[in-house]
Amino acid sequence: MKYQKLFEPIRIGKVTLPNRYAMAPMGPLGMGDSEGGWNQRGIDYYTRRAAGGIGLVITGVTFSDCTVETQSMPNCPNSTYNPVHFTRTSREMTERVHAYGSKIFLMMSGGFGRVTIPTNLGEFPPVAPSEIPHRWLDKTCRALTIDEIHSIVESFGKGAFNAKRAGFDGVEIHAVHEGYLIDQFAISFFNHRTDEYGGSLENRLRFAREVREEIAKTCGWDFPVSLRFSLKSMVKDWREGALPGEEFEEKGRDIEEGLEAAKLLEQYGYDALDVDAGTYDAWWWNHPPMYMEKAPYKKYAKLVKETVKIPVLMAGRVDDPDTALSCVESGICDIVSLGRPTLADPDIVKKIRTGRVKEIRPCISCQEGCMGRIQHYSMINCAVNPQAARERVTQYNPIVKKKKVLVVGGGPAGCEAARVLAERGHEPVLYEAGSKLGGNLIPGGAPSFKEDDRALAQWYTDELERLGVEVHLNEKADAALVRNSAFDAVILATGSRPKIFSLGDDEKVYAAEQVLLGQKDPGQTVAVVGAGLVGCELALDLAMKGKKVYLLEALDKIMAVNGPLCSANKDMLERLIPYNGIETICGAKVTSYQEGVLKTEVGGEVKEIAADSVVLCVGYRSENSLYEEVKFDIDELYLLGDAREVSNIMYAIWDAFEVANQI
């Protein structure tokens, strides 16, 4: 009964939601078909989240207009594309979602404008309210004509009509939010127009007002319309965003103007505001990585909640139900939106309702499977949940004959393999040489901002216990065990070892994991060699603990290889390095470390750095010696994780799922 408040009904307009949880909108890449409708993958994806207990499903963005700004985005609900097909496929989805008691809103966008992802731009020039720089490309956008604005507004009415006909309970407008096209109109930094769509705040919000009025014309005022709303832009300058806690002059929308905008949007007839902060110029605000605090929008949602009478939704790393409960009880927001947490665990709301919080698979905010894959491959998935957005093709395969499977290695790959085998009905037996499960999640989760890595390691520990998996800790498997005829199949997930080389005074040269795990004291002044993801996160962790840190990289920039896939994570980490006083030296070839002095060649000159220690973060080597010893002896033998190929957590988990689901 602890979380009962989160399961009280609430209304958005005339629609009653069964609880206070919404699925936050995330780009539905890979979920549309070539005819402008939903494919089976998309229908299954949203239905699965409804089955998991979400009160309101908000789809990822769809385009009401498909003519002014041609996009390779799915699902165009208006009459310029294929409204019959959109309605037919949407109807199947909404009927299935409603079977679970959930409501569903269609998110509609007026376009990307200056923030169009380059791979989606095609041959058309980017558009914007005015002639302003594009976010990603060295191009100047062209200004929309008034006729084009009117045509986009009209498309919202047609799109909402088709959405209503298709069974959607309402729509959410992707509008005064994150620096998309309609938000660009609303912000004077981007909008330099002198006609009725520029100048005063009311004029800059005219686009959003006309959208609401047009939907009322086609659907009636009682058809609910919510709006995604970024209270504050966090823009320092073109392509320059502010970090949390940083003092800066806001070039975008400040809080004062944001609250005035909230009042006007309520007056225009919007039924709810879905609140966050940021723009594409400060992308980490709208898509908070692990370097952001949990629930970073609390301050902004509360200000909006105190300003308007309509319901306020809030997303942004609110996966902890205690935090969600506090936000609702204290009047910060009315509805908590979960985006990435529903990718990691579609049953998160059901588990909260029934008190099974310990069983919730945590989102680790890596954004490799979601935003990163959207950005680079136009598809949404999840690093820690291989079934996300692939529900039908990755269903657990039924087994015909129960097998006893030896799993060697208790890192993410070994744990995932054992979990999937047990879920399917096999009998896995896991051996781990260390004292706990988690592998590289344990040192990787040591920094304060990597708490969810630690949570994932604990989740695997708890899940294997719940599933009754036989686990042997502090026992190193050898060839004799692997060759034991009692096992029908063998999975080797023996991980990797950090690369180490001699610099002379090796008593003070450490591997990253030795420092992260507290096995070695690096001293007060530390030289970190290698500025990939591990090196950058270690440097940041040490700097946050008050150390003087030098970060040396042989290439010409940090995170040149093996960096985060998602720009929100990468861009924020790149800016956190200098912000925390870390001195970065690129193009540096480390040559020796003697008597507390590290020598490195930079641009043909020798540079000396006084350091209490040197920490090497120069990569990992696969630990596959056991596999090499037995590979000709075992019929059904699999090599997984870093032992097969050094990679990231996502591929360790995905590959393990794939193999374990086929045995």
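The values are calculated or read from the model by the stated rules, or taken from the named source; none is laboratory data. Bear in mind that the values here come from a model prediction, so they are computed numbers and not experimental data. Note: ideal-geometry Cβ built from the backbone for every residue, glycine included; neighbour counts use all protein chains shown. Side chains are part of the model used for accessible areas, which takes the heavy atoms of the whole protein and leaves out ligands, DNA and RNA. Shrake-Rupley method; radii C 1.70, N 1.55, O 1.52, S 1.80 Å.
Couple of notes before you dig in:
- Residue ID - nearest to residue 379 (Cα to Cα), chosen from residues in segment 544-567 that are modelled with pLDDT of 95 or more and among the hydrophobic types (A, V, I, L, M, F, W, C): 558
- Within segment 15-61, the set of residues being out of contact with any helix residue (DSSP H, G or I) (no Cβ under 8 Å at 6 or more places or on another chain) and among the acidic types (Asp, Glu) comprises just one member, 44.
- Of the strands (runs of 3 or more DSSP E) lying entirely inside segment 402-485, those containing at least 3 residues that are crowded, with 17+ Cβ neighbours inside 10 Å span 404-408, 427-432.
- Within the set 223, 190, the sole residue that is in contact with a Pro (Cβ under 8 Å, 6 or more places away or on another chain) and crowded, with 18+ Cβ neighbours inside 10 Å turns out to be 190.
- Residue pairs whose Cβ atoms lie under 8 Å apart, sitting 6 or more positions apart in sequence or on different chains, and linking a residue in segment 103-116 that is touching a residue at least 40 places away in the same chain (Cβ under 8 Å) and under 18 Å from residue 281 (Cβ atoms) to a partner that is open to solvent by 10 Å² or more (accessible area, probe 1.4 Å) and polar (S, T, N, Q), are 111/71; 112/71; 112/120; 116/71.
- Qualifying residue in segment 284-292 (condition: in contact with a Cys (Cβ under 9 Å, 6 or more places away or on another chain), aliphatic (A, V, I, L, M) and either open to solvent by less than 10 Å² (accessible area, probe 1.4 Å) or at negative phi (or both)): yes
- Candidates are the residues of segment 294-321 that are of a type in the set (Ser, Thr, Tyr) and within 24 Å of the chain's Cα centre (by Cα); the one that is nearest to residue 366 (Cα to Cα) is 297.
- Members of segment 324-362 found to be among the β-branched types (Val, Ile, Thr), open to solvent by 10 Å² or more (accessible area, probe 1.4 Å) and over 19 Å from the mean Cα position of the chain (by Cα), listed by number: 328, 332, 354, 357
- Which listed residue is at pLDDT 95 or above, within 15 Å of residue 342 (Cα to Cα) and crowded, with 19+ Cβ neighbours inside 10 Å, from 53, 60: 53
- 3 or more residues touching a residue at least 40 places away in the same chain (Cβ under 8 Å): qualifying strands (runs of 3 or more DSSP E) within segment 558-663: 588-594, 613-616, 620-622, 637-639
- Filter pass, residue 559 being more than 30 Å from residue 414 (Cβ to Cβ), touching a helix residue (DSSP H, G or I) at 6+ places or on another chain (Cβ under 7 Å) and surrounded by 19 or more Cβ atoms within 10 Å (Cβ to Cβ): no
- Only one entry of 630, 590 meets the criterion of being farther than 24 Å from residue 511 by Cβ, among the hydrophobic types (A, V, I, L, M, F, W, C) and buried (at least 17 other Cβ atoms within 10 Å of the Cβ), and that entry is 630.
- In summary, helices (runs of 4 or more DSSP H) completely within segment 176-268 and bearing 1 or more residues that are under 24 Å from the mean Cα position of the chain (by Cα) occur at 181-186.
- Of all residues making up segment 152-162, the number that are open to solvent by less than 40 Å² (accessible area, probe 1.4 Å) and within 18 Å of residue 208 (Cβ to Cβ): 7
- Residue in segment 213-272 that is nearest to residue 151 (Cα to Cα), counting only those that are polar (S, T, N, Q) and out of contact with any strand residue (DSSP E or B) (no Cβ under 6 Å at 6 or more places or on another chain): 218
- When each of 117, 132, 149 is tested for being out of contact with any strand residue (DSSP E or B) (no Cβ under 8 Å at 6 or more places or on another chain) and open to solvent by less than 10 Å² (accessible area, probe 1.4 Å), the lone residue that passes is 149.
- Flag for residue 271 being open to solvent by 10 Å² or more (accessible area, probe 1.4 Å) and among the acidic types (Asp, Glu): yes
- Selection from segment 612-627 of residues that are among the small types (Gly, Ala, Ser) and either more than 16 Å from residue 647 (Cβ to Cβ) or open to solvent by 40 Å² or more (accessible area, probe 1.4 Å) (or both): 613, 622, 625
- Of the residues making up segment 230-264, those that are in contact (Cβ under 8 Å) with a residue 60 or more places away in the chain and surrounded by fewer than 24 Cβ atoms within 10 Å (Cβ to Cβ) are 238, 239, 243, 246, 251, 264.
- Within segment 169-181, the set of residues being open to solvent by less than 10 Å² (accessible area, probe 1.4 Å) and over 14 Å from residue 274 (Cβ atoms) comprises 179, 181.
- Scanning segment 81-102 for residues that are open to solvent by 20 Å² or more (accessible area, probe 1.4 Å), at negative phi and not in a helix (DSSP H, G or I) gives 81, 82, 99, 100.
- In segment 297-372, counting only helices (runs of 4 or more DSSP H) that sit wholly within it, the ones holding 2 or more residues that are without any contact (Cβ under 8 Å) to a residue 40 or more places away in the chain span 298-305, 321-329.
- Filter result for residue 173 (closer than 30 Å to residue 284 by Cβ and in a strand (DSSP E or B)): yes
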